[in-house]
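Here is the structure we will look at.
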Amino acid sequence: MKKIITFGTFDVFHVGHINILERAASYGDKLIVGVSSDELNLSKKKRYPIYSQNDRVKIISSLRFVDEVFIEESLDLKLEYIKQYDAKILVMGDDWAGRFDWVKEACDVIYLARTPSISTTEIIEVVRSLPR
Ligand code: C2G
């Protein structure tokens, strides 16, 4: 049983999120997803996500190619999560290229190309600019 692990906020869920999760799943038999907590987002991005962590967990858990979901409390716990879930590969989008190479002692690390032209930030900006 080859387990794959990936992490993300997955706020305002969109097709770029689907693409990376689907591709991550194709590398193994089981996909485990760490969903960044609301507090982790506040510390990282200086704002809370639009969707609460409970809703984000519910959305990710409902995908057919996702097997297990947990809340990621800290970026520094990557190694602990990888060991805890016995993951053989960490998959991340290439906006994180090189950033998690320090876990290579525990598993392989693969950075996949992001889906172009879509992001949560852009969606928020587009919605904000709509006429009222
Ligand atoms: N992603 C993608 N294509 C996009 C947008 C996002 O492939 N157009 C990928 C990102 O590269 C990431 C995943 O989708 O691997 C989740 O993206 P975010 O929700 O933006 O995750 P982030 O806030 O970067 O959190 O521990 C890691 C962090 O918590 C990741």
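The values are calculated or read from the model by the stated rules, or taken from the named source; none is laboratory data. All values derive from a computational prediction rather than experimental measurement. Glycine also receives a Cβ, built like all others from the backbone with ideal geometry; neighbour counts cover every protein chain displayed. Calculation scope for accessible area: heavy atoms of the full protein, side chains included, ligands and nucleic acids excluded. Shrake-Rupley method; radii C 1.70, N 1.55, O 1.52, S 1.80 Å.
Observations on the model:
- Here residue 49 meets the list (1) under 18 Å from residue 93 (Cα atoms); (2) within 10 Å of the ligand (Cβ to nearest atom); (3) open to solvent by 10 Å² or more (accessible area, probe 1.4 Å) almost entirely, failing just condition (1).
- Count of residues meeting criterion [more than 9 Å from the ligand (Cβ to nearest atom) and open to solvent by 60 Å² or more (accessible area, probe 1.4 Å)] in the range 1-30: 6
- The residues of the range 63-78 that are within 19 Å of residue 37 (Cβ to Cβ) and modelled with pLDDT of 95 or more, listed by number, are 66, 68, 69, 70, 71, 72, 73, 74, 77, 78.
- Qualifying residue in the range 53-65 (condition: touching a residue at least 12 places away in the same chain (Cβ under 8 Å), within 12 Å of the ligand (Cβ to nearest atom) and open to solvent by 80 Å² or more (accessible area, probe 1.4 Å)): no
- Looking across the range 31-46, the residues that are modelled with pLDDT of 95 or more, open to solvent by 30 Å² or more (accessible area, probe 1.4 Å) and not acidic (Asp, Glu) come down to 42, 43.
- Any hit, the range 18-30, residues being among the aromatic types (Phe, Trp, Tyr) and touching a helix residue (DSSP H, G or I) at 6+ places or on another chain (Cβ under 8 Å): no
- Of everything in the range 114-128 that is surrounded by 12 or more Cβ atoms within 10 Å (Cβ to Cβ) and in a helix (DSSP H, G or I), the residue that is nearest to the ligand (Cβ to nearest atom) is 120.
- Criterion (of a type outside the set (Val, Ile, Thr) and either at pLDDT below 95 or open to solvent by 30 Å² or more (accessible area, probe 1.4 Å) (or both)) met by exactly one of 111, 81: 111
- Complete set of residues in the range 67-102 that are in a helix (DSSP H, G or I) and within 11 Å of the ligand (Cβ to nearest atom): 75, 76, 77, 78, 81, 94, 95, 96
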